[in-house]
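The values are calculated or read from the model by the stated rules, or taken from the named source; none is laboratory data. If you're wondering where the values come from, they're calculated on a predicted model, not measured in any experiment. With ideal geometry, Cβ positions are generated from the backbone for all residues, glycine too; neighbour counts draw on all protein chains shown. Surface areas here come from the heavy atoms of the whole protein model, side chains and all, with no ligands, DNA or RNA. Shrake-Rupley method; radii C 1.70, N 1.55, O 1.52, S 1.80 Å.
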Amino acid sequence: MSNNDFPDRELQREQEFIDGLYARVDALRGDTEVSVTDALAQGNTPMQARLERDILVAERSGLLAALNAVDGSLCFGRLDLTSGVTHHIGRIGLRTEDAERTPILIDWRADVARPFYLATGHTPMGLRRRRHLTTEGRRVTALHDEILDLGDATRTGHEDPSGDAVLLAALNSARTGRMSDIVQTIQAEQDEIIRAPHRGVLVVEGGPGTGKTAVALHRAAYLLYEHRELLAKRAVLIVGPNPAFLGYIGEVLPSLGETGVLLATVGELFPGVKATATDTPRAAAVKGRADMADVLAAVVRDRQALPDPVIAIQHDREILMLDDDLVNMARERTRAADLPHNVAREHFEGYILNTLTDMVAERIGTDPYDGSNLLDPSDITQIRDELAENPEVWSAIDQLWPRVTPRRLVADFLAAPEGYLSDEDAAAIRRPVTRAWTVADVPLLDEAAELLGEDDRVARARAERERETQIAYAQGVLDVSYASRTYEFEDKEDSDPESSEVLSAHDIIDAERFAERHEQDDHRSAAERAAADRTWAFGHIIVDEAQELSPMAWRLLMRRSPTRSMTLVGDPAQTAEAAGVGSWEGILEPYVEDRWEHTRLAVNYRTPAEIMDVAAAVVRARHPGFEPPSSVRSTGERPWARATDDLPGAVAEAVAELTPAEGRLAVIAPRELHRRLAARLDGVTAGAEPDLTRTVVLLDPRQAKGLEFDSVLVVEPGRYGTSDLYVALTRATQHLGVLYTGALLAPLVQAFGIVEEPGS
């Protein structure tokens, strides 16, 4: 074979490996499907079939889910060691099915795969060659080789002299409206963060385009690989700034073979509540303040009432009076137990019943001659039991120490916050009881749930009712089974079901045990169970745009991370929310003091240098010492700015100009302009949760956080704050345009002063 044919032979060799890899994958899928079918068919009873099915699912469901998620892109690299050993690197690991369990594909998270990300010519880490495989589906389309052992003269014809071809191809590729994984192009500084120990709090700071979100997601995948047993049970929580962002990143972890992670916004972290309404910035700031915890505690204490002036209870033809002093004594004794309100109610009930019992005993059992009590303990118990059956007693207790739900407490407080806040703050948050919940309400609900607790007597009663229902259902199933067996024997001559040696379900299990079997079958994943349980303690929590969260939101999250195993991702320079803490010290000092690690990503992979220069000028106008992340590339495409008197018309023209043949365009404009602009743009809608897969999407700056597009049109930059404008200007990977009416902001005038403005 000639040297000219050698590159084709390399492609053919890799294609043969990929074909063999997928042949094994297809066989695995097929074998498992047949095995499950056989298991279901073999069983003499549904329980036996279910047992065999569960064993198979437990063995392979995780692997099959991963294979289905990464189908078409399993393998992306190869390591050729100086020792002659070769490893193929992929999104998940695969081994042979024989006793040796020989690795076929190395998981990118394994230690042996680290040289793929860290090796250099100066530090080759035992490598002779590093190869990147580019595939489309199951077909190999390109190879890029990096020679790390410069003494090796062997060449394949696929050498990449710069070593950046794969990275630059990924950066310049058209966007799809969904974030892609970076597993093939992880850089050394990113790899160090991804593989950092999972214990403690790690802060990852980085400006726009530094890949901090992608790093955080790959860190989640790595931690699930490295600490599978722990985190599979406790789950990993990823908190994002808005639903659109979660949709944008939603395919990254599945593409890495991980499907058991809970993605949520703060507004989705109180089970049964999904925040849909919007607060004013002032209202969100007030609700997010740390002192709201004390305010809600005061609201709860005010639910623990005193008579005004007395409560009269009719009992056995007599009137019992609960006055202020008696109730206050019971209240203070109950409060001394330092229990949540609803949990403490049982103590309060006891004190009130004892107080009323003493009243009755004194009236009917006192000797008129010497004042001694003539009642024995059984008499006292009978009096107490009779009082406990008196509806007026429970009506009084409900009035003095009512059971309260978090939703009712917070709704009532927001409807009438006067007396707990200043007049200005009360006016900012006041709203009708019937209004929908906002994101800023959810931490208040969570705080209220902590203060109130749940009376487990109610939960136990509910559980007992559910258990009785399940036993009744199980009995019905067994009865049907027995009836079916009886009918079968009636069709056969000389057959007696009672004397048959064939056992039925009736013979080996009763309804109660059968119900218990089903109670134990919770097939939900850890993430699904965590989503339904407010008190769930996650194994690890990752927070994106962490600088935006309020102190009250941090209280909520810290309750869900008692071990303080967290990764916080963000950029204080992009803080825009009025309630945001904005500094890492302000976030963490109340919980871990100075016991946290900080790292910074300084390389901008998304934003071209031409666009970054404009964005940096905006921040430097307020903070002269600001240093943006360094862009790794320059496109030669200069951003432009245009003035207009017809904003909707100019936007429509600019959209036609900027819309890429492939990829996505974002029009970033103030929310109040969305309806006017959408009316002039075909297929574009104005809404709270935009569809990022559309070619053109309309957003406000807050919705654009964490997202990226091929082209961006920023409308009316003068209406944004510095942080919002910085975010808007740094979303583009290729082209940026700015449209404005009136005068352009001074920093942008300076930035665009050296840029030719088309149409000027």
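Potential lengthening of the chain between residue 317 and residue 362 amounts to 14.7 nm, from the contour at 0.36 nm per residue minus the alpha-carbon distance.
Model label sites at residue 644 and residue 325, defined 7 Å from Cα along the beta-carbon direction, differ in position by 7.9 nm.
Note on residue 392 and residue 694: their simple-model spin labels are 6.5 nm apart, each label 7 Å out from Cα toward Cβ.
Along the axis of the charge dipole computed for the chain (Cβ charges of +1 for Lys and Arg, -1 for Asp and Glu, origin at the Cα centre), the listed residues 250, 576, 307 are led at the positive end by 576. How big is D for the range 117-216, in µm² s⁻¹ as a whole number, if Stokes-Einstein is applied with the Kirkwood radius of its Cα pairs at 20 °C and 1.002 mPa s? This corresponds to a translational diffusion coefficient of 136 µm²/s. Applying the Karplus relation 6.51 cos²θ - 1.76 cosθ + 1.60 with θ = phi - 60° to the range 191-197 yields 3J(HN,Hα) values of 4, 4, 6, 4, 9, 5, x Hz, where x marks Gly and Pro. I'd like the distance separating the alpha-carbon centroids of the range 550-566 and the range 446-474, in whole Å. If you average the Cα positions of each part, the centres end up 26 Å apart. Across all directions, the shadow cast by the convex hull of the range 81-156 built on its C-alpha atoms averages 6.1 square nanometres.
Rounded to the nearest 20 debye, the dipole magnitude of the chain is 3100 debye, with +1 charges on Lys and Arg beta carbons, -1 on Asp and Glu beta carbons, and the Cα centre as origin. On the beta carbon distance between residue 24 and residue 199, with R0 = 41 Å, the FRET formula returns roughly 0.65.
Largest accessible area first, the residues 689, 205, 577 order themselves as 689, 577, 205 under a 1.4 Å probe with ligands, DNA and RNA left out. Counted over all Cα-Cα pairs of the range 218-338, pairs farther apart than 16 Å make up 77 percent.
Which number gives the lysine pairs in the chain that have C-alpha atoms under 23 Å apart and are eight or more places apart or on different chains? Lysine pair count for the chain: 4. Accessible surface of the chain, 1.4 Å probe: 49 percent of it comes from carbon and sulfur atoms.
Basic side chains Lys and Arg get +1 at the Cβ, acidic Asp and Glu get -1 at the Cβ, and with that the dipole of the range 228-291 about its Cα centre reaches some 200 debye. The residues of the chain expose, per residue, 48 Å² of accessible area to a 1.4 Å probe.
Around the Cα centre of the range 372-463, unit charges on the Cβ atoms of Lys, Arg, Asp and Glu (plus for the first two, minus for the last two) sum to a dipole of about 440 debye. For the pair residue 626 and residue 172, the difference between a 0.36 nm per residue extended length and the Cα-Cα distance amounts to 160.7 nm. Backbone geometry of the range 725-734 corresponds, through the Karplus equation with coefficients 6.51, -1.76 and 1.60 at θ = phi - 60°, to 3J(HN,Hα) couplings of 5, 4, 4, 4, 6, 10, 8, 8, 9, 9 Hz, x marking Gly and Pro. Since only 124, 92, 194 are under comparison, the one whose Cα sits farthest along the positive direction of the charge dipole of the range 83-208, derived from C-beta charges on Lys, Arg, Asp and Glu, is 92. In a solvent-free Debye calculation with one equal scatterer on each Cα, what is log10 I(q)/I(0) for the chain at q = 0.07 Å⁻¹, listed in the order of the q values? Normalising to I(0) and taking log10 leaves -0.70.
Surface calculation, 1.4 Å probe, protein heavy atoms: residue 87 sits at approximately 40 Å² accessible. With helices as the sole contributors, the chain gives -14000 deg cm²/dmol at 222 nm; each DSSP H run of n ≥ 4 counts as -39500 (n - 2.57), and the sum is divided by every residue. For the range 699-710, putting each phi into the Karplus relation 6.51 cos²θ - 1.76 cosθ + 1.60 with θ = phi - 60° gives couplings of 9, 9, x, 5, 5, 7, 4, x, 9, 9, 9, 5 Hz, in residue order, rounded to whole numbers and with x for Gly and Pro.
Taking amide hydrogens as placed 1.01 Å from N in the peptide plane, the amide H of residue 135 sits under 5 Å from those of 141, each at least 5 positions away in sequence or on another chain. Dipole of the range 597-713 computed with +1 at Lys/Arg Cβ and -1 at Asp/Glu Cβ about the Cα centre; of 639, 703, 649, farthest Cα towards the positive end is 703.
Taking amide H as placed 1.01 Å from N in the peptide plane, the amide H of residue 604 sits under 5 Å from that of 630, 631, 632, each at least 5 places away or on another chain.
With the convex hull of its Cα atoms as the shape, the range 545-600 has an orientation-averaged projected area of 3.7 nm². Quick check for you: which residues of the range 337-362 have the amide N under 14 Å from the point 7 Å beyond the Cα of residue 374 toward its beta carbon? Output list for this probe position: 361-362.
Summarising the label geometry, the points placed 7 Å from Cα in the beta-carbon direction at residue 97 and residue 656 lie 6.0 nm from one another. If the chain linking residue 719 and residue 746 were pulled fully straight, counting 0.36 nm for each residue of separation and taking away their Cα-Cα distance, it would gain 8.4 nm.
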